[in-house]
Each structure stands twice: as structure tokens, then as C-alpha cells.
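First comes the structure, then the notes that go with it.
No lab work stands behind these numbers, since they all come straight from the coordinates. Just so it is clear, the model here is predicted, and its values are computed rather than measured. Reconstructed Cβ throughout: ideal geometry from the backbone, glycine too, with neighbour counts over all protein chains shown.
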Amino acid sequence: MNSNNNQSVQLSNEAREQVLQAVNIASGKWKAAFNRGDYVDCAAQYEVDAVMNAMPFGQFKGREAIQAFWQQLLEDGFTDVDYVEPSIEVLDENSAVLKSGWKMNKAAGVITNELWVMQSDGTAKLREDDFEAQ
């Protein structure tokens, strides 16, 4: 019996660091874009076919629909987003999940699943974004 079955879940420190770095950069870009009111750059951090579940607002499929959501939120005067005790779990050499509390000037809540996926250019983009306002 071969006891070497855990090879597939082993990830080199270098691969883990590459994913972590890409996610931290992309997440930082998203927050900076939101805080300067740039909904186009906010949406640019998502894959074209991304899905966002924003409770209690609903589900938004695709970058265009996601952009419209952020545009409306910014136009409604929401700003100053900050993540509270974020954690990033690297799943494999191509993806990681970010979870965090969040707060902004007029709302707060929790991010239950930001699935960041590595792109061919070495950056990370959001494929799934699940959060709720509480």
C-alpha cells in the first residue's frame, strides 16, 4: 500500500506565496478602486463571467451586472470600505479564498467567500464573491 497519497494537496511554499501575493495585490486594487469611487476598476477585478451573491440584494452574473451593482452603491454614497480580520486560504496553485468582516461608512457585514483565481498574466481575479450586509 502506498502511503504517499497526500502529494496532490502538497503545495510548494513558492507556489503558495505567488497565489497569496497575487490575491493581496488584487484585493488591494479592488478596495482602492471602491474607495476612490471607481466602479469600472472595481468590476475589472472580476472575471468576465464571475458570479456575485450580495445578500440581501441578490445575485449578479457577469462583470457588467457586477459593475452596475457597485456603480449604484457608490452613487448611493457608500465609501470607505475596510476589511476586518481577513483570512486567505490558498486552495491550490491557481486559487485562494478570502473571508473577512467588512465595514464602510454606511454598512457592515461579512465576506463568506471571495474565490480568487490566477489568470494567465500572473494576476488574480474574482470568480465568486459571496458577502452579506448585516
query = Just wondering, is there one or more residues in region 98-121 that are among the basic types (Lys, Arg), free of Cβ contacts under 8 Å to residues at least 24 places away in the same chain and either closer than 19 Å to CYS42 by Cβ or in a strand (DSSP E or B) (or both)?
reply = yes
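Quick grid of which residues meet (1) charged (D, E, K, R); (2) farther than 21 Å from ASN24 by Cβ:
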position: MET55; (1), (2): no, yes
position: PHE69; (1), (2): no, yes
position: GLU75; (1), (2): yes, yes
position: SER95; (1), (2): no, no
position: ALA107; (1), (2): no, yes
position: GLU128; (1), (2): yes, no
position: PHE131; (1), (2): no, no
task = Please specify each residue of region 56-80 satisfying the condition of being surrounded by fewer than 17 Cβ atoms within 10 Å (Cβ to Cβ) and of a type in the set (Val, Ile, Thr).
result = THR79
ask   = Which pairs have Cβ atoms under 8 Å, sit 6 or more apart or on different chains, and link a residue in region 49-76 that is in contact (Cβ under 8 Å) with a residue 12 or more places away in the chain and more than 18 Å from ASP38 (Cβ to Cβ) to one that is in a helix (DSSP H, G or I) and not polar (S, T, N, Q)?
value = ASP49/ARG63; ALA54/PHE69; PHE57/PHE69
inquiry  = I need a count of the residues in region 45-89 that are closer than 21 Å to THR112 by Cβ and assigned to a strand (DSSP E or B).
reply    = 21
